[in-house]
Amino acid sequence: MRARYGVPLTLTAVGAAGLAYAAGFEVRSFRLRRVTVPVLPRGMRPLRVLQVSDIHMVSGQRKKQRWLQSLAGLRPDFVINTGDNLSDPEGVPEALDALGPLMELPGAYVFGSNDYYGPKLRNPARYLIERAQGRHGLNGNAPAVGVVHNPWEELRDAFDAAGWVGLSNTRGRLKLEGIEIALTGLDDPHIKRDRYAEVAGGPESGADLSLAVVHAPYLRSLDAFTADGYPLILAGHTHGGQLCIPFYGALVTNCDIDTDRVKGLSTHTAAGHTSYLHVSAGCGTNRYTPVRFACPPEATLLTLTARD
């Protein structure tokens, strides 16, 4: 009996324990990542930027709401929201309640595909297949049909009313006690809404710092921002791989960026220029795959310092 059934039963038990941990604990084990990025002009005081991403709010996620509210206690200089706030058409009020204290601070935002459209149930193995075939999102796949449309206009109107700057294929500025931050953003490349030609031209003169913002870190967007000379690009979308292998890392990124840069701070080089890139692993999941493993949900506090 032992020889025949012992190993399968052990593997089943280990798998069940891993699933229970991923769905019951880690997916709610919210963390704050802290990084330092030397991108400011010499002599300028440090700036603290809070990046929140991929909230994927579903009605009833009280712990996530309370944790997001608590982040306002960090008192960052400004907030960048890199999209995918929703995973439930009914989740707008709770997303806005969670972000309410942060919306009292200066901020800017871009949207991701899940702000516009509700998620669909799909086999997680398709992410591996699409990666092997070089297909990601609508970039090579057939357009989505029969999708749920989220009330993203309510999010936009609330963010705008709070003074947050919308950056979907446009530019904007934040003024912080004598410091002026120029921001350039794209709509989501994952569903081919990015229009870089509308914002091309590089950092703006007269600003103390220029930043680039996009939801999904597709290489075409990173190449364009970097070639134009932006010192720092902020993105989300990847969920850090979401289901990772300990001591190995992510298996997929859900876009064409490599797994080595699926989350955290790295660099990107294009046309002889190099930019810092920060990809947030986000703090939520698609409502149909509410699990994380070896990849806790997160927000990031970036401290921007003077260049070396």
For the chain, give me the percentage of DSSP beta bridges that are antiparallel, rounded to the nearest 5 percent.
45 percent
Starting from the Cα of Lys64, draw a straight line to each of the aspartates and glutamates and keep only those under 14 Å, dropping any in the same chain fewer than 8 residues away.
Glu26, Asp54, Glu94, Asp97, Glu298
Just by accessible area at a 1.4 angstrom probe, what is the order of Glu153, Glu298, Glu90 from largest to smallest?
Glu90, Glu153, Glu298
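Would you work out the charge dipole size for the chain about its Cα centre, treating the Cβ of every Lys and Arg as +1 and the Cβ of every Asp and Glu as -1, and quote it to the nearest 20 debye?
1200 debye
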For the chain, what does the helix formula give at 222 nm: sum of -39500 (n - 2.57) over DSSP H segments with n ≥ 4, over the residue count, nearest 500 deg cm²/dmol?
-7000 deg cm²/dmol
Relative contact order (%) - region 185-243, alpha-carbon pairs under 8 angstrom, separation at least six
35 percent
Rank these residues by their accessible area, most exposed first, probe 1.4 Å: Met57, Met103.
Met103, Met57
Taking Cα extents along the principal axes in Å as the quantity of interest, determine which of (1) 75, 48, 36; (2) 76, 42, 41; (3) 57, 49, 43 was computed from the displayed structure.
(2)
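Specify the longest stretch of the chain that does not include any exposed loop site, a site being one of the chymotrypsin sites (Phe, Trp or Tyr not before Pro) with a non-H, G, I, E, B DSSP assignment and at most 13 other Cβ atoms within 10 Å.
26-246
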Relative contact order of the chain, defined on C-alpha pairs under 8 angstrom at six or more residues apart (%)
26 percent
For the chain, what is the accessible area per residue in Å² when the probe is 1.4 Å?
44 Å²
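Quick check on my link table: of Lys120/Lys263; Lys63/Lys120; Lys175/Lys263, which ones sit more than 26 Å apart, alpha carbon to alpha carbon? Please list the in-between numbers first.
On the way: Lys120/Lys263 24 Å; Lys63/Lys120 24 Å; Lys175/Lys263 28 Å.
In this structure, Lys175/Lys263 exceed 26 Å between Cα atoms.
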Ignoring ligands and nucleic acids, what accessible area does Thr267 show with a 1.4 Å probe (Å², nearest 10)?
70 Å²
Under a GNM of the chain (C-alpha, springs under 10 Å), which listed residue has the highest mean-square fluctuation: Thr184, Thr289, Thr170?
Thr289
What accessible area, in Å² to the nearest ten, does a 1.4 Å probe give for His273?
80 Å²
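The values are calculated or read from the model by the stated rules, or taken from the named source; none is laboratory data. Because the structure is predicted, anything quoted here is derived from the model rather than measured. Cβ: placed from backbone, ideal geometry, glycine included. Neighbour counts: every protein chain shown. Just the protein is used for accessible areas: all its heavy atoms, side chains included, with ligands, DNA and RNA removed. Shrake-Rupley method; radii C 1.70, N 1.55, O 1.52, S 1.80 Å.
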